[in-house]
Every structure is written in C-alpha cells, then in structure tokens.
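For reference, the structure is listed below as structure tokens.
The values are calculated or read from the model by the stated rules, or taken from the named source; none is laboratory data. Treat the numbers as computed from the prediction; the structure is a model and nothing was measured. For neighbour counting, all protein chains shown are included, and Cβ atoms are generated from backbone atoms with ideal geometry for every residue, glycine included. Remember, those area values only see protein heavy atoms, side chains included, never the ligands or the DNA or RNA. Shrake-Rupley method; radii C 1.70, N 1.55, O 1.52, S 1.80 Å.
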Amino acid sequence: MQDETSTSEGRGDAATAGNTALWGGRFEGHPTAFLQRYGASLPVDKRMWAEDIAGSKAHARMLAKVGVISQEDADAIRAGLDAVAADIKAGTFSFDVNDEDIHMSVERALTERIGAAGGRLHTGRSRNDQVALDDRLVARNLAARLHADAMALRKELITRATDDFGVVMPGYTHMQKAQPVLFSHHMLAYYWMFTRDCARLRDAYEAADECPLGSAALAGTTYPLDRRMTAEELGFPTVTPNSLDAVSDRDFFCDLLYACAMAQMHLSRLCEELILWSTDEFGFVTMDDTYSTGSSIMPQKKNPDFAELTRGKTGRVYGDLMGMLTMLKGLPLAYDKDLQEDKECVYDAVDTLSDTLRVATGMIATMHVHADRMRAGSHGGFMAATDLADYLVGKGLPFRKAHEVVGHIVLACEKQGRTLQSLSTDELRQFSDLFDDTAADAMNIDAIVARRNTEGGTGHDAVRAQLERARADYARDAAWDPVTIE
Ligand code: ARG
C-alpha cells in the first residue's frame, strides 16, 4: 500500500521533519525517514480508525466518570474524536508521515483540534492495551462480516438444493464412480461445511470478546479506572483477567485466521469440483459467462477462471495463518514490536475470503446444471453393483458371498463392454439362481437413490428431511446478532 508514509525520502539518511514523536522528550536523535517507514504500521492500521476512535471515546467517558479528567475535557475529547472520524470518513484527513500508527495519528489530530484536553486522553492507557483493544474490535467486526458472507453462500446452496431436487448424479470415491446420489445431497454437503465455518467464526468472535483496556503498558495502572464501564460501553461482556496476557494475546486473531483458512479450503474444494464438472469429459455444469473468461488465441475456450483463482488464493490464506503463528511463537511477555505484524495477515486473509465467498455465491447461483449429463453419468461405472449384492442378501445370501457373485458379473460385463442394466434375468441367473425378474428394480438408478433413507443419506425422503434441518439451522445462525463498531 502506497501513501505518504511510504513515498518520502526513500532509503536516504535524511532525518524526519523533526522530533515530533509522542515520546520526543527522552530523545536527542531519531530514526531516519527510511527507518521511520520501516517501523510504521500506519499504512496498514489506518483501516482501524473507526475502532480506534470508538475505544478512545469510551476511555474518555470512563476517565471523566471516575474523576481522572473533567467532564468538560471528556466532552471536548469526544466531540473532537467525532470530528476526526468525520474527516477520515470524508477522505479529507491527511495522515502525517511522522505518525507511526493510527493511534498516534488520531491523537495528534485530536490535540491539534482541541488543544490541551487532547493530551489528557492517553491517561491510564498505553498503546499496548490500545492496540490490543483495537485488534479485538477489528476481529469482532471481521468475524461478523465473514459470517454474513458465508450465510449468503449457505442460502444459495439451500436454494440450489431445493430448485434442483430430484437430479441424480454419480457419487465418487477415489474419483471412481461409486454410487448415485442426489445433486441436492452434494450441494448440501457443502452447506454443512460452511455451517461449521460460521460456527468457527462465531468462536473467533467470542475469543476476541473481552476488553483489555486498563491493562496499560503491561502491569495495569495506578488510576482508578472502571474497566467494566469501558467494556460495557464497547459491548464487551467482560474484561481480560491478566494485564500481561491482555497486551500480548493475539489468540483471537489466530482463531479468526484458522476459521479463514478452513473456509477458504472448503471453497477451494467446491471450486475444484466445479472446474472438473465444467470439463467436456464431465459436462455436469456450465459456468455462467459472467464467471468465465476466454482465451486470447483459442476462440472456443471458456475457462472457469474464478473457480481456479479461488483454489489458487487458498495458499496465501493458509500462509496468513502460518505467518501469524510463527510471528507469535518466540515472543516473551508482554508487548513486543513483532506484534505489529499481526494486522497485515488478518486483513489479507479476511479480504480474500470475503471476496471469495461472494464469488462462490454468484457462481453457485448462476451455474447451469445439466441434469441429463449427470443422469447419463450415473448409468456407467457399474454403480448398481452394491444394490445388486444387497438384492442377493435379501434372497438369503451372506453379504461376502453376494459381493463375490456381483464381482464376477462386473468382470464379465467389463470384458464384454456391457452395463449391469443391460443383463437379462437369464444372463444374471448364470451367476446365481437367486436372481429373478425383480432384479431389474434393484439396478434402477432412481430406486437405488431413493432407497438410501438412513438419516443423513441420499434418499429423497432423507434429503427432504436434511433440507428441513438445513433451513432451521440457517434461521438459527441468521439470528446471531454480534456487536460491531460501525
Ligand atoms: N503500532 C503498534 C502495533 O501495531 C501499536 C503499539 C505500539 N506499542 C509500542 N509500545 N510500541 O502493535
């Protein structure tokens, strides 16, 4: 990201405009412009301005309530912060190259605006608990946003499963044809993955849902802060129990990144199938033109680029999780500057996943399903074999023996280039005299599907029940009402 903090004097040794840092009192020298840029997080954490300002407003109100600052100062601070927020929102705020991070930018702008009172805001607070707070507010916001994105995809999967109910397709294991299943069942399999992703996102939200403010630099503070009040103001149900832990904990970001990695992995698997299904060999679906691109040389090409990109971006989202875990692994208590690296991977993973969820929702909504090709595919591959064996079991043969008999039938068919369904009763009787005219029904593709009505199975009745459960479950998750900072 390029902005005024990264375009100044390059790698030269030129000093910054002056020693204007908030800790200026103790220093005679200061980092060069290059080092300043290296040490800054502003290009990334300027995105946290709304969370930062909300935290400061709550802190100011609490400081006045416990008598650490006057009510007039608190009012001036809160009004000043609102004005800064309005500037940033309007795009008229100019971020100063000398500011290391969003916390300093906001405080500097506030003090420029309201004078001495601005300098009282940071009483009883450190950037260490301030950034821990902002990170938690960000984590809650991002978890809520991703939850909404995943809900939209879940809704679309339910719609597809409902609209295309009855379409039969081959089910695979080892990518070899196994048993026919309902296309709705296949769509719902993904529905449950994204349902679990939503649960993980809510867990990540919960992990962030304690207020660290009042931990100060690492040890708490001598001011009589009312931590519960600040927490309540920001919608936290409780406060963190240990100041050292509070300023060094980024577990909630790890939880969020893990939830992102899992959801992205699910999207990648879904897209892998969409890519496969849109090949000429499968022909199960055609991606809508909106979600396809052509070739600059081959006029016939229609490539599932967006599905491929989804698969491709997965590595980076995993990398974001690994980056965070590795950054944390050697850190002693309490705050270490390494922690500043926490935000980039979070924003990258969340932005990527959020976009990808939107892409997937659109792809699922617009793809053209070729029921005829799916049905045709369900006739090949001897997918009735299990049911033919079950048929013999029904006639009294032990399953192991039945398995062997049908194995011989499949081998014979394969040698003669025949399908199971093409065999007459007489031909079947050459393998076992238990076969009679009802064997044809055992091999009927629709009947094979319809029979699998164990709860969670692919039978029509079972899938109808599953759809009901999915809808109820969707309604429950849609009622989740997280607190977010606008
Ligand atoms: N920019 C810092 C971060 O993102 C804020 C906290 C800095 N604290 C400190 N003591 N240097 O982590």
**OP:** Kindly check whether there is at least one residue in segment 392-402 that is away from the ligand (no atom under 16 Å from the Cβ), open to solvent by 70 Å² or more (accessible area, probe 1.4 Å), free of Cβ contacts under 8 Å to residues at least 24 places away in the same chain and under 27 Å from Ala150 (Cα atoms).
**Re:** no
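Is it the case that Arg269 is touching a Leu at 6+ places or on another chain (Cβ under 9 Å), basic (Lys, Arg) and at pLDDT 95 or above?
Against the criterion (touching a Leu at 6+ places or on another chain (Cβ under 9 Å), basic (Lys, Arg) and at pLDDT 95 or above), Arg269 does not qualify.
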Original post:
For segment 152-161, does any single residue satisfy the condition of being within 14 Å of the ligand (Cβ to nearest atom) and open to solvent by 10 Å² or more (accessible area, probe 1.4 Å)?
Top reply: no
Subject >> Among (1) open to solvent by less than 60 Å² (accessible area, probe 1.4 Å); (2) away from the ligand (no atom under 16 Å from the Cβ) - the single one His379 does not satisfy >> reply: (1)
Original post:
How many residues, within segment 324-372, are outside any helix (DSSP H, G or I) and within 13 Å of the ligand (Cβ to nearest atom)?
Top reply: 4
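One line per residue, one yes/no per condition, for (1) within 18 Å of Cys260 (Cα to Cα); (2) over 26 Å from the mean Cα position of the chain (by Cα); (3) open to solvent by less than 40 Å² (accessible area, probe 1.4 Å):
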residue: Tyr291; (1), (2), (3): no, no, no
residue: Pro299; (1), (2), (3): no, yes, no
residue: Lys302; (1), (2), (3): no, yes, no
residue: Leu309; (1), (2), (3): yes, no, no
residue: Tyr318; (1), (2), (3): yes, no, no
residue: Thr352; (1), (2), (3): yes, no, yes
**OP:** All but one of (1) in a helix (DSSP H, G or I); (2) touching a Leu at 6+ places or on another chain (Cβ under 8 Å) hold for Gln36, so report the exception by its number.
**Re:** (2)
Original post:
Taking helices (runs of 4 or more DSSP H) that do not extend beyond segment 195-277, which have at least 1 residues that are touching a strand residue (DSSP E or B) at 6+ places or on another chain (Cβ under 7 Å), open to solvent by less than 40 Å² (accessible area, probe 1.4 Å) and of a type in the set (Ser, Thr, Tyr)?
Top reply: 227-233
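In this structure, is Leu428 free of Cβ contacts under 8 Å to residues at least 40 places away in the same chain, open to solvent by less than 70 Å² (accessible area, probe 1.4 Å) and in contact with a helix residue (DSSP H, G or I) (Cβ under 6 Å, 6 or more places away or on another chain)?
Working: free of Cβ contacts under 8 Å to residues at least 40 places away in the same chain: yes; open to solvent by less than 70 Å² (accessible area, probe 1.4 Å): yes; in contact with a helix residue (DSSP H, G or I) (Cβ under 6 Å, 6 or more places away or on another chain): yes.
Against the criterion (free of Cβ contacts under 8 Å to residues at least 40 places away in the same chain, open to solvent by less than 70 Å² (accessible area, probe 1.4 Å) and in contact with a helix residue (DSSP H, G or I) (Cβ under 6 Å, 6 or more places away or on another chain)), Leu428 qualifies.
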Subject >> Selection from segment 437-452 of residues that are outside any helix (DSSP H, G or I) and either at pLDDT 95 or above or basic (Lys, Arg) (or both) >> reply: Arg451, Arg452
Original post:
Filter segment 88-135 for residues that are within 30 Å of the chain's Cα centre (by Cα) and polar (S, T, N, Q); which is farthest from the ligand (Cβ to nearest atom)?
Top reply: Gln130
